[in-house]
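The structure appears right after this line, and notes come after that.
Where a number appears in this text, it was derived from the coordinates with a stated rule and is not lab data. Worth saying up front: this structure is predicted, and the values here are computed from it rather than measured. Every residue, glycine among them, receives a Cβ derived from its backbone with ideal geometry; neighbour counts consider all protein chains shown.
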Amino acid sequence: MARPGRRQSNGPRTGRGAQPRHAPRPAERGIISVLADVAREVDTAIRRPPTRPVVRTKFQVVALLVREERARLLADSGPAETQRSKKLKQLDAVATLLARTAARDTSLLALLAEDARVSDSARAFKATVMRAGGLEPPVEPAPTPPAVPETGAKNQVVPRSVISRQLANPFLAPDFEAAAARNASRARRLAGWELLEPLFRSFERGTTGAPACMSLPASRLASVPEGRVLMPHQAQVVAAAAAGHRTFLLADEPGLGKTAQALLAAQAADAYPLLVVAPNVVKTNWEHEVALWTPQRRSTVVHGDGDRVDGFADIVIVNYELLDRHVGWLGDLGFRGMVVDEAHFIKNKKSQRSQHILAISERIRARTARPLLMALTGTPLINDIEDFRAIWQFLGWIDDTMPKGALMGALEETGLTPVDEGFYAAARTSVIDMGIVRRRKVDVAADIPARRVADLPVELDGAVGRSIRAAEAALARRLVGRYRSALDARTSGVIVDGIDHELVRRVAGWELKESRDNGGAENVFTMVRRIGQAKAALAADYTAQLARNVGKVVFFAKHIDVMDQAEQTFTDRGIRYASIRGDQTPKARGRNIAAFQNDPDVSIAVCSLMAAGVGLNLQVASNLVLAELSWTDAEQTQAIDRIHRIGQAEPVTAWRIIAAQTIDSKIAELIDAKSGLAGRALDGAPDEDDAAATNVQLEALVGLLTDALVADGVG
């Protein structure tokens with residue numbers, strides 16, 4: 001009889017005594033036994049809610065392996081029928097246990113669907129279980145960079161200038177650091193944990209109440225063109241790029257100069273060539289800002305099939321809608337930096353635009369170890385944080401299933417797991433330190449003026465744009481004809497070398513008087529009206545973007561048809577607005593003003609410049625869009641003063657929509673130059689206001705005629 005406390009062994013003996021009993025090897029234990037142990041472990045864990053991500057992963061892996069082992073046994077004719085039946089019964093017992101477990105937490109059933117996603121951590125755990133059961137896991141194919149989406153491939157084009165650049169430099173220099181980064185070791189301590197969901201939730205559970213913003217270096221003097229001033233909060237981001245930081249989710253509120261920060265960060269990082277993807281309405285503004293902030297760099301804007309693209313430019317600017325045609329060569333050009341403006345446009349990962357953005361950024365990272373990647377958006381980070389899944393993936397912080405590279409390393413260094421106290425606060429900090437920058441106007445009020453006008457150039461594309469430019473050219477030809485006729489009719493014998501500027505002003509005055517008296521043919525007034533109509537949709541589009549980013553916005557227009565078009569745009573997008581017009585009764589007007597001031601769901605006030613330009617308090621907003629230009633600075637100022645009033649707590653920004661390459665640009669310059677006259681008009685001298693308007697109209701025609709004469713070789 002064996003003594004108590006000692007295990008009796010029936011194993012073979014040798015001259016040296018009893019051979020110790022050994023643990024069963026994997027092949028002896030069998031896969032079904034291992035599955036049963038893990039299934040019991042999962043069932044025990046489910047009884048103590050909430051269900052942790054790692055438990056869900058184990059449940060899914062056991063269910064998958066039960067399914068695969070059953071199919072293998074049924075297809076294998078090798079073992080005896082009795083042995084096979086025994087194993088199938090054992091699998092049924094495991095499956096029954098899984099069913100009871102899923103009954104306690106029905107959300108587990110979604111993991112068994114045919115289209116359920118199997119994460120990298122689940123694949124790793126599956127391999128561990130298979131080895132424990134004596135099976136060799138299949139070799140997983142090496143991950144490959146995502147291919148360019150096939151959608152729209154038949155429409156893709158390669159501009160001739162781009163082909164010339166590729167032929168001039170057919171080989172991109174290898175980046176061995178990029179290869180090393182791709183081969184970096186994966187997570188160890190957190191392997192098997194579901195981490196993306198906890199990361200997103202960390203912005204709800206780990207929030208401190210302050211805007212999410214990484215620690216930025218002290219602002220330092222950056223190299224900017226003469227006459228430009230970089231505000232301290234802008235200089236901080238540029239300093240971070242100069243210090244080596246390469247990924248930014250720049251979520252400053254509109255009006256804080258994100259475009260300038262991105263361009264100067266690219267300069268500091270030498271991230272050329274640089275790709276900029278932006279909404280159509282701000283595409284031309286990017287070209288304008290490049291000329292202002294980095295004039296030594298050549299930019300090119302992609303229109304249509306790219307016939308006018310400069311393939312050798314430092315900065316390529318393209319709008320989302322054209323990616324379908326150009327995604328192929330954009331992915332192969334060798335960009336070392338990429339900026340995505342209004343990055344919330346890619347929140348839907350299934351959309352074509354998102355797929356194109358992610359494919360291009362992946363190809364850039366595959367070639368360059370540390371490219372500059374910047375996502376710009378004014379949308380607050382706290383709202384629907386999962387909208388930022390695609391943005392984080394664009395920046396290379398995560399992939400479809402788990403954190404990557406530096407972010408995973410930061411999570412490993414916390415020493416915490418999603419079940420530990422403090423994980424969510426630490427995870428939120430880890431993500432923010434990857435490059436989230438969020439400043440509000442009120443946070444940097446000392447940096448920016450209390451009131452400023454920001455010009456937003458837009459390109460008038462299509463038939464309407466061509467028609468307006470043709471009409472402007474016809475007006476210029478008519479003015480040149482009158483100028484030459486006046487020269488030919490001179491009898492004084494006076495000869496002026498070059499352009500006779502006095503005669504230019506006379507001709508412009510004759511044209512202006514005839515336009516006012518007779519109307520008729522295309523003139524400066526009808527042209528400005530047509531430009532306003534052509535800008536209406538673009539101005540409304542930008543207003544809608546502002547409303548999404550900052551809340552309430554005031555939209556000003558001079559003409560009813562421009563207001564109508566804008567209101568239709570807002571209606572089509574499901575944006576509530578209040579309309580303030582001159583033909584309203586005082587009661588209706590008051591009701592609409594109150595709705596804009598008090599109803600949080602009313603995002604936009606659509607106002608007539610004449611009817612709402614005075615005697616109105618709309619300071620609940622701090623952003624205003626001027627869809628059409630006034631003839632005087634006084635009218636413009638009166639509109640801005642509807643929100644820039646005593647009691648306004650935030651700096652005010654007026655966004656002035658200007659049609660590039662048209663007389664609109666000249667009028668904007670003249671209004672600014674004549675602001676002194678308009679200022680005097682505000683003191684109660686309407687006759688001076690009229691004189692200021694006449695002066696701008698006259699000077700606009702003078703400028704048009706002078707430019708046309710220079711183009712003809714006069715002067």
Check: From the phi of every residue in segment 31-43, what ³J(HN,Hα) in whole Hz does the Karplus formula 6.51 cos²θ - 1.76 cosθ + 1.60 yield, where θ is phi - 60° and glycine or proline is x?
Finding: 5, 5, 4, 5, 4, 5, 5, 5, 4, 5, 4, 5, 4
Margin query: Explain nothing, just the number: relative contact order of segment 26-132, from Cα pairs under 8 Å at least 6 residues apart, as a whole percent.
Written below: 44 percent
Notebook entry, point to check: Which lysines, on any chain, are close to K87 with Cα under 30 Å apart, when same-chain ones fewer than 8 places away are left out?
Noted result: K58, K126
Note to self: Among 463-473, 340-350, 429-439, how do they line up by average Cβ neighbours within 10 Å per residue, starting with the highest?
What the structure shows: 429-439, 340-350, 463-473
Notebook entry, point to check: Each residue of segment 266-281 in turn: what ³J(HN,Hα) in whole Hz from Karplus with 6.51, -1.76, 1.60 and θ = phi - 60°, glycine and Pro shown as x?
Noted result: 5, 5, 5, 8, 6, 8, 10, x, 10, 9, 10, 10, 9, x, 4, 5
Notebook entry, point to check: Which of the residue pairs K283/K587; K513/K535; K587/K666; K258/K349; K350/K404; K347/K558 have a Cα-Cα distance greater than 32 Å in the structure shown?
Noted result: K283/K587; K587/K666; K347/K558
Next item on the list: For R440 and E412, compute 0.36 nm times the residue count separating them, minus their Cα-Cα distance, and round to one decimal in nm.
Entry: 6.9 nm
Next item on the list: Name the residues whose placed amide hydrogens come within less than 5 Å of the amide hydrogen of T662, ignoring near sequence neighbours (fewer than 5 apart) on the same chain.
Entry: none
Checklist line | Two-decimal log10 I(q)/I(0) for segment 155-448, as the Debye equation yields it once each C-alpha is a single scatterer, q = 0.13, 0.15 Å⁻¹ | finding: -0.91, -1.21
Next item on the list: Work out, step by step, the length gained on full extension between L292 and A99: first 0.36 nm times the residue separation, then minus their alpha carbon distance; give nm to one decimal.
Entry: 62.9 nm
Next item on the list: Quick one: which residues, 5 or more positions from V606 or on another chain, have an amide H under 5 Å from its amide H? H modelled 1.01 Å from N in the peptide plane, none for Pro or chain starts.
Entry: F555, A578, S579, I580
Item checked: Proxy reagent accessibility, fewest Cβ within 10 Å first, across S299, S107 -> S107, S299
Notebook entry, point to check: Which net charge results for the neighbourhood of S603, defined as the other residues with beta-carbon distances under 9 angstrom from its beta-carbon, given Lys and Arg at +1 and Asp and Glu at -1?
Noted result: +2
Margin query: Run the simple label-point estimate for F525 and S107 please: 7 Å along Cα→C-beta, distance reported in nm.
Written below: 6.7 nm
Notebook entry, point to check: What ranking do K666, K126 get, fewest neighbouring Cβ atoms within 10 angstrom at the top?
Noted result: K666, K126
